[in-house]
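A short write-up of the structure that comes next.
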């Protein structure tokens, strides 16, 4: 009985440690101020995943990707993106880098389905749709749910409305 209990404690400790390692990020770190990036620099639209070792803020990477794709991002949109990333990080406990990566991944998945949603708009809109901390499993789950609804034929507006009903603030 003692050996079984000790084994259970060790297993739980290992599971806890594995869960805390997540997607290779440590606890969310304060990120450096957004750098001004031109589309001619290394972080083009074809960079599919922002690696931990890359020295660029997630919002700057997303803006560079958008610019490389011909999209112009205003200063106001940049500020809204930064704010949305900060809110999503607090509510979901994921790093800004991971949220940016998931949004870019969702953008590509939707493009393959013939739908246009920019990663920046996805972060802003999905963050606005989710409520308080703990109402969802994470940004990956939110993006997968959104993708499933869009793939099944729901419009962007209806999918966001459904997201807000499911994950939004409780009154």
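Any read-out appearing in this document is the output of simple, stated calculations on the displayed coordinates, not a laboratory observation. Computed from a prediction, not measured in an experiment: that's the story for all the values here. All Cβ positions, even for glycine, are placed from backbone atoms using ideal geometry, and neighbour counts span all protein chains on display.
Of the peptides 146-152, 101-107, 91-97, 79-85, how do they stack up when ordered by the mean number of other Cβ atoms within 10 Å, highest first?
Order by mean packing, descending: 101-107, 91-97, 79-85, 146-152.
Compute from the Cα atoms of the stretch 112-171 the Rg and the Dmax, the latter being the longest Cα-Cα distance, and quote both in angstrom.
So, for the stretch 112-171, Rg and Dmax equal 11.1, 37 Å respectively.
When the Cα atoms of the stretch 45-144 are enclosed in a convex hull and the volume is divided per residue, what value in Å³ results?
Details: hull volume 9.3 nm³, N = 100.
With only Cα atoms used, the stretch 45-144 gives 93 Å³ per residue.
Most exposed first by the Cβ proxy, i.e. fewest other Cβ within 10 Å, how do 87, 56 rank?
87, 56
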